[in-house]
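The values are calculated or read from the model by the stated rules, or taken from the named source; none is laboratory data. Worth saying up front: this structure is predicted, and the values here are computed from it rather than measured. For neighbour counting, all protein chains shown are included, and Cβ atoms are generated from backbone atoms with ideal geometry for every residue, glycine included.
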Amino acid sequence: MNNKNFLKPKVVISKCIEFEHCRWNGNIIKSNFVKVLKTYVEFHPVCAEVEIGLGVPREPIKIIKSERLKLIQPATMREYTKNMEKFAETFLTSISDIDGFIMKFKSPSCGLYETKYYYDEKPGSAVIEKGAGLFGKAVLDKFPNLSIETEGRLMNLRIREH
Ligand code: SF4
């Protein structure tokens, strides 16, 4: 059978990984592994921060952990928690037949396990915990049985093979 006759898995990916210069500073994340996968995977790139109306470039946002997790842009003191939760709900409900996710390591939006939670919005504020970004958390909650990884962890051969 010709290679192109195989069904390709559908994978949602953080758009800044090999697809678009949409990071807060206008950068793109290089990933040789994702580059290779493009031949074999049907990627669905999405940038949660652009989708909630933050432009490129933009002032960075961070997660403040108080009585709940808050997504704050310290430079403007605007809060984007509800915008992100609403986008996550709408987007994740709209997709179907998805086989997995590749998410940006440590992002306050797309991160899965390593995102820093800060005590407050002040520069130099202490990191009091690490966990998922707000969009990443919604992905983990909604699709507990799918393959969901960060591009950072996929640099580790053992994790990647698993
Ligand atoms: S980590 Fe997610 S929200 Fe941030 S730039 Fe990349 S795709 Fe956009």
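Suppose we keep only residues that are within 9 Å of the ligand (Cβ to nearest atom) and basic (Lys, Arg) within the stretch 1-49. Which one would you say is nearest to residue 89 (Cα to Cα)? Here the residue is 15.
Annotation note: Cβ proximity below 8 Å between a residue of the stretch 83-100 that is touching a residue at least 60 places away in the same chain (Cβ under 8 Å) and a residue that is surrounded by 10 or more Cβ atoms within 10 Å (Cβ to Cβ) and of a type in the set (Gly, Ala, Ser) (sequence gap 6+ or interchain) occurs for 99/147; 100/147. For the stretch 73-82, state whether one or more residues are within 16 Å of the ligand (Cβ to nearest atom), part of a strand (DSSP E or B) and not charged (D, E, K, R). The answer is yes, given that some residue of the stretch 73-82 is within 16 Å of the ligand (Cβ to nearest atom), part of a strand (DSSP E or B) and not charged (D, E, K, R). If a residue has to be within 12 Å of the chain's Cα centre (by Cα) and either over 12 Å from residue 103 (Cα atoms) or aliphatic (A, V, I, L, M) (or both) to count, how many in the stretch 1-21 make the cut? Within the stretch 1-21, residues that are within 12 Å of the chain's Cα centre (by Cα) and either over 12 Å from residue 103 (Cα atoms) or aliphatic (A, V, I, L, M) (or both) number 3.
Quick one: is residue 117 modelled with pLDDT of 95 or more, of a type in the set (Ser, Thr, Tyr) and either surrounded by 13 or more Cβ atoms within 10 Å (Cβ to Cβ) or more than 14 Å from the chain's Cα centre (by Cα) (or both)? Yes: the conditions hold for residue 117.
For the stretch 95-114, filtered to residues that are near the ligand (Cβ under 10 Å from one of its atoms) and assigned to a loop (DSSP other than H, G, I, E, B), the residue that is nearest to the chain's Cα centre (by Cα) is 110.
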